[in-house]
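Data block below; observations after.
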Amino acid sequence: MTIVDTKIKHGDASDGILGGRLSRIDGPAKITGSADYAMEHFPEGMVHAVIIDSTIASGRVLAIDAAAAEAYPGVLLVLTPDNAIAIKTATDWTGAPPPAVPFEPFAREITFNGQHIAAVIAETFEQATAAAALVKVTYDKTVPISTFDDPRAGEGYPIDMMTKEWGDAEAALATSPVRIKQEYRTPREYNVPIEPHGLIAQWTGDMLTLWEPSQWIDGMSRTYAEWFDIPFENVRMLSPYIGGGFGSKALPTRYGAVAAIAAKMLDRPVKLAITRPQTFTAFGGRPATRQTIALGATREGKLLSILHRGDNETSMNDVAVEPLGSVISIMYATPNFSSRQNLVPVNTVKPGALRAPGENPSAFGIECAIDELAYEVGIDPLDIRLLNYAEEDPSANKPWSTRRLREAYAAGADAFGWAKRNPRPRSMRDGKQLIGYGVAAGTYPVRRTPGEAMVRILSNGTIEVASSGIDMGQGTYTILAQTAAEAIGVPVETVMVKLGDSSLPRAPVAGGSQLANLMTGAVHKAALAARDELIGIAINHPNSPFRDLQANTLTIEAGRISSPRDTGAGIGIAEVMRRTGRDRIEALRNTLPEEHQNAKDHFRNFTTIATMKSPTEGDYSLHSWCVHFVEVRVDVDFGTVRVARMVSALDSGRLYNPKLAESQWKGGIIMGIGQALLEEGLVDDRYGRVMNNNLGDYLVPTNADIPDLKVISVGIPDTHASVLGGKAVGELAIVGVAPAIANAVYHATGVRVRNLPITLEKLI
């Protein structure tokens with residue numbers, strides 16, 4: 001269990017209340033090295049596991065010869081499908097009941113290159129690594145289908161739940177005065193967080209302790225419990241700090257099962273760290289996507305029809321949907337619409353979540369297409385977006401809760417200087433540099449899942465906030481401290497926050513940009529309950545100096561309780577607690593619906609997404625919104641593209657801490673720049689192998705690639721979206737960045753790039 005010291009030693013607190021620009025209170029621990037990350041623990045007797053992966057992409061394992069590895073010094077166990085203890089299949093993240101078959105973390109039938117097939121456990125990491133190289137594997141190889149461009153992949157199969165249609169899109173398109181039709185593509189992209197994936201697993205009898213970086217402590221703990229058929233309470237997962245995840249650390253993995261199996265078989269703690277190349281295959285990133293978009297419009301640019309067909313890769317044995325219609329179905333008003341999507345199985349690891357899954361590639365397609373339509377009809381790309389503005393959700397036929405997109409267009413265009421743009425492509429230049437301006441919009445849904453929190457007022461006047469929720473850099477420690485401080489009426493430096501421990505009150509997944517909204521709601525509710533109890537004690541306890549006063553005449557401010565009749569500074573919380581003999585006041589509250597409050601298996605409300613509300617559940621459609629304005633400079637001779645400046649205007653509702661929200665937005669924008677210009681998983685078609693599975697060849701942005709980023713908040717509190725008025729922040733800002741850059745590149749060069757990333761060979 002980790003307690004973060006929230007004592008503030010800097011002057012940027014803005015009084016420390018919710019909405020203030022307080023610096024992250026976990027910052028000093030990270031800067032000084034006292035932050036304890038999962039893989040930095042050293043339980044007594046710990047040994048090391050190294051995973052052995054398949055070197056083919058399709059076929060079958062015929063034999064594993066482990067004799068030389070087993071004889072290697074320090075080797076304790078070579079774990080294979082033949083000797084691993086059996087474990088059960090667990091409920092999936094949606095809550096669907098599991099099949100009554102064993103869960104096998106090692107593969108016998110190979111469906112992708114890099115699939116786990118065995119592991120070596122030894123006294124040291126070096127011994128395990130050396131011994132793993134001695135294991136000989138015999139395969140029966142077959143020819144893989146490496147990408148969805150392989151003719152053998154075919155068209156895939158449809159996902160009916162992705163179909164959205166109204167009107168008659170095909171007929172309307174056929175009769176539209178203006179028609180455009182193009183294909184837009186995004187490549188495989190990978191999460192590549194700096195902190196390695198891995199874990200330490202330790203058994204004590206039938207109690208399992210796990211130190212593992214996790215975006216979903218409770219969901220992953222439940223899976224481990226089901227794998228090993230032990231009570232949920234018997235799993236203790238610890239993850240106080242996380243060095244990046246972007247969706248890749250939210251679900252349990254096969255290597256996690258391997259480590260826990262090995263620890264149980266050896267009765268010793270086992271550490272298993274995934275190598276950087278293995279992070280490209282031990283879990284999945286964003287799959288490759290392709291979309292064909294046809295727009296029909298009037299000669300003035302008013303949309304009459306949108307026809308959308310999308311595909312994404314999936315693995316041979318699993319379904320992974322990248323919802324390509326998610327943005328295109330709500331961004332613009334049209335009387336006729338049709339969106340359908342297929343999955344195409346190929347020999348790859350099952351794709352997973354990477355920041356804004358679905359919304360990101362969906363926006364790339366429609367925001368490039370609407371830009372193309374603007375040029376086709378000869379109007380400003382900003383004007384065409386306003387012309388086709390959706391006043392309500394066209395897919396759900398519901399009003400927006402709040403949609404400050406017009407305000408975002410206006411604020412962003414003004415700050416950027418959009419009016420200075422020469423509309424003609426390739427008309428703006430500075431010496432050898434072609435200059436282009438581009439714009440694109442984005443959106444991200446508001447997802448709502450219940451949360452739970454404990455708030456304690458202690459005898460010394462300090463406040464504790466406890467939750468199994470996590471902080472992977474987005475600022476959970478800080479905003480929860482601010483929330484409790486404001487609700488109770490104490491200085492924020494007196495609040496201590498405990499996170500990242502499955503023994504604490506429950507929290508759902510830190511994914512879908514929901515954690516800040518749901519956990520501030522739970523903490524606010526618990527903090528108010530604790531405050532009310534404190535005031536009740538102050539009024540009713542015989543030893544209280546405030547005995548017999550009315551509750552509404554007492555106030556708590558700066559940690560002191562006072563009455564309007566009191567002309568002094570009031571009495572400190574600690575003094576009231578002392579006089580009334582209270583050791584602590586404790587309030588546990590959650591935001592579950594009434595029908596779930598007394599569930600026997602309470603933890604299940606937080607360990608699947610079964611209780612998550614969709615953005616259109618209720619009377620309104622709930623979304624965050626953004627607009628990106630970009631200036632690029634393209635070298636005339638070499639075709640190199642540099643982003644020179646960006647202005648982004650965003651509507652995330654109320655910002656609990658603007659400083660942290662702006663940091664999250666900038667992080668998303670930086671990832672979007674990487675997507676547009678650098679990131680691309682390259683696959684060797686012959687072997688189905690990711691060729692650039694390292695940070696030397698898989699390119700991500702560095703400081704040198706990023707210009708000054710200006711972000712502007714245009715949001716207003718939205719209490720339909722959350723208790724305290726916030727909407728999605730973390731994943732919003734990446735949506736729309738890539739098409740804004742692509743549109744700017746077209747304006748600069750006259751060359752339209754529809755296949756990311758935008759590299760020099762596509763321009764010269």
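The values are calculated or read from the model by the stated rules, or taken from the named source; none is laboratory data. These numbers were taken from a predicted model, which means no experiment stands behind them. In this analysis, Cβ positions are derived from the backbone assuming ideal geometry, glycine residues included, and neighbour counts consider all displayed protein chains.
Worth a mention:
- Residue that is part of a loop (DSSP other than H, G, I, E, B) and crowded, with 20+ Cβ neighbours inside 10 Å, where the choices are GLY668, GLY715, GLY672, GLY696: GLY715
- When THR749, THR719 are checked against the criterion of being free of Cβ contacts under 8 Å to residues at least 60 places away in the same chain and among the polar types (S, T, N, Q), a single residue qualifies: THR719.
- Hits in region 350-368 - residues which are crowded, with 24+ Cβ neighbours inside 10 Å and more than 14 Å from TYR444 (Cα to Cα): PRO351, ALA353, GLY365, ILE366, GLU367, CYS368
- Pick from region 664-709, criterion in contact (Cβ under 8 Å) with a residue 60 or more places away in the chain and among the polar types (S, T, N, Q), ranking: nearest to ASN347 (Cα to Cα): ASN693
- Any chance ASP311 is part of a strand (DSSP E or B) and of a type in the set (Asp, Glu): yes
- Where strands (runs of 3 or more DSSP E) fall entirely within region 443-543, those with at least 1 residues that are in contact with a Leu (Cβ under 8 Å, 6 or more places away or on another chain) and among the small types (Gly, Ala, Ser) are at 452-458, 463-466.
To keep it simple, each residue is scored yes or no on (1) assigned by TED's automatic domain parsing to the domain that holds VAL327; (2) under 30 Å from TYR389 (Cβ atoms).
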site	(1), (2)
PRO593	no, no
ALA599	no, no
CYS626	yes, yes
ARG642	yes, no
ARG645	yes, yes
SER652	yes, yes
GLN664	yes, yes
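- Residue satisfying all of: in region 1-20; of a type in the set (Gly, Ala, Ser) and in a loop (DSSP other than H, G, I, E, B); modelled with the lowest pLDDT among these: GLY11
- Candidates ALA411, ALA390: the one that is at pLDDT 95 or above, of a type in the set (A, V, I, L, M, F, W, C) and over 25 Å from ARG754 (Cβ atoms) is ALA411.
- Count of region 81-127 residues which are within 30 Å of ILE145 (Cβ to Cβ), over 29 Å from the mean Cα position of the chain (by Cα) and free of Cβ contacts under 8 Å to residues at least 24 places away in the same chain: 3
- For region 282-309, a residue qualifies if it is of a type in the set (Ser, Thr, Tyr) and surrounded by fewer than 24 Cβ atoms within 10 Å (Cβ to Cβ), and the qualifying residues are THR292, THR298.
- Residue in region 424-441 that is under 24 Å from ILE217 (Cβ atoms), at pLDDT 95 or above and not basic (Lys, Arg) present: no
- Boolean, ILE180 is among the aliphatic types (A, V, I, L, M) and closer than 30 Å to VAL700 by Cα: no
- Being touching a helix residue (DSSP H, G or I) at 6+ places or on another chain (Cβ under 6 Å) and either surrounded by fewer than 23 Cβ atoms within 10 Å (Cβ to Cβ) or among the hydrophobic types (A, V, I, L, M, F, W, C) (or both) is a property that does not hold for ALA390.
- Hey, GLY730 modelled with pLDDT under 95 and in a loop (DSSP other than H, G, I, E, B) or not: yes
- Only strands (runs of 3 or more DSSP E) whose full extent lies in region 560-665 are considered here, and the ones with at least 1 residues that are of a type in the set (Ser, Thr, Tyr) are 560-562, 623-635, 641-651.
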